[in-house]
1. What residue, among those in segment 125-182 that are touching a Gly at 6+ places or on another chain (Cβ under 9 Å) and small (Gly, Ala, Ser), is nearest to residue 107 (Cα to Cα)?
2. Checking residue 26 against (1) open to solvent by 80 Å² or more (accessible area, probe 1.4 Å); (2) not β-branched (Val, Ile, Thr); (3) not in a loop (DSSP other than H, G, I, E, B), which test does it fail?
3. Can you tell me which residue within segment 140-160, out of those that are farther than 13 Å from residue 116 by Cα and of a type in the set (Asp, Glu), is most open to solvent (accessible area, probe 1.4 Å)?
4. I'm checking my understanding of the structure. Among residues of segment 29-45 that are of a type outside the set (A, V, I, L, M) and open to solvent by less than 80 Å² (accessible area, probe 1.4 Å), which one is modelled with the lowest pLDDT?
5. Can you name every residue in segment 7-23 that is closer than 14 Å to residue 40 by Cα, among the charged types (D, E, K, R) and open to solvent by 40 Å² or more (accessible area, probe 1.4 Å)?
6. Is it the case, given these coordinates, that residue 129 is surrounded by 14 or more Cβ atoms within 10 Å (Cβ to Cβ) and polar (S, T, N, Q)?
7. Does residue 57 count as on the phi < 0 side of the Ramachandran plot and either among the hydrophobic types (A, V, I, L, M, F, W, C) or more than 17 Å from the chain's Cα centre (by Cα) (or both)?
8. Can you pull out every residue in segment 99-126 that is more than 15 Å from residue 150 (Cα to Cα) and open to solvent by 40 Å² or more (accessible area, probe 1.4 Å)?
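The values are calculated or read from the model by the stated rules, or taken from the named source; none is laboratory data. No experiment lies behind these values; they were computed from the predicted model shown. Ideal geometry is used to build each Cβ from the backbone, glycine not excepted, and the neighbour counts take in all protein chains shown. SASA here: full protein model, heavy atoms, side chains in, ligands and nucleic acids out. Shrake-Rupley method; radii C 1.70, N 1.55, O 1.52, S 1.80 Å.
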Amino acid sequence: MIGGKSGTISLEKQFWEWFIQNQDTYFYLEAHDLDSMDLLAHQLKQVHEHLTFDLTDIDAHGRRDLIISADGLHTSFPAVIKLVEAAPSLSQWNIVPFRQASSVDTFRIRIGDTYLHSGNVKFSFDVAQCRLTLNLFVDQYDTQPEHYDLGCMILIDTLLGEYEAATKIFFLDIKDTQEAENYDSLPSLEVLP
């Protein structure tokens with residue numbers, strides 16, 4: 001907070017005051033306007049170092065979603081909640097906590113010459129001490145594990161939603177298909193809700 005006892009303004013309130021002044025810029029923002037995107041990211045980092053955002057397209061009702069995200073970091077979820085709860089009512093905006101689950105039917109992530117999608121990632125799971133480990137099996141994982149790790153995390157967040165993925169899955173274990181027992185009988189991510 002900034003100011004003395006009587007003039008204290010929370011970081012959340014400061015962010016929303018800034019956003020209100022700049023909301024038209026962001027309402028009509030194009031994806032290629034990287035300077036404005038960077039400025040919004042910077043303003044969120046002033047509230048909490050791990051906050052980030054997504055913007056949806058303008059919907060049929062003339063509104064746009066500003067999605068406040070902790071980028072999957074469970075320890076930063078309280079900052080998301082606090083910022084969203086402090087949000088004013090804005091006629092053109094829906095302020096949404098966390099990346100929401102969405103259809104992955106057409107969602108694909110390109111990794112080199114390969115596309116990662118819910119149909120070509122198979123899974124199994126283990127539960128120990130009430131903790132869920134989700135085992136993902138990806139063809140050619142061993143060729144670029146760091147890219148597949150990120151791609152699989154994005155795929156799970158898209159499929160389940162950021163909050164559900166981070167709070168329900170204790171550990172995400174990503175492996176090459178060759179490490180799977182009975183690979184052909186495993187379900188693909190398409191069967192998850």
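1. Per the stated criteria, the residue is 165.
2. Among (1) open to solvent by 80 Å² or more (accessible area, probe 1.4 Å); (2) not β-branched (Val, Ile, Thr); (3) not in a loop (DSSP other than H, G, I, E, B), the lone unmet condition for residue 26 is (1).
3. 146
4. 33
5. Listed by number, the list holds a single entry, 17.
6. no
7. Answer is no for this residue.
8. Of everything in segment 99-126, those that are more than 15 Å from residue 150 (Cα to Cα) and open to solvent by 40 Å² or more (accessible area, probe 1.4 Å) turn out to be 99, 100, 101, 102, 103, 105, 106, 113, 120, 125, 126.
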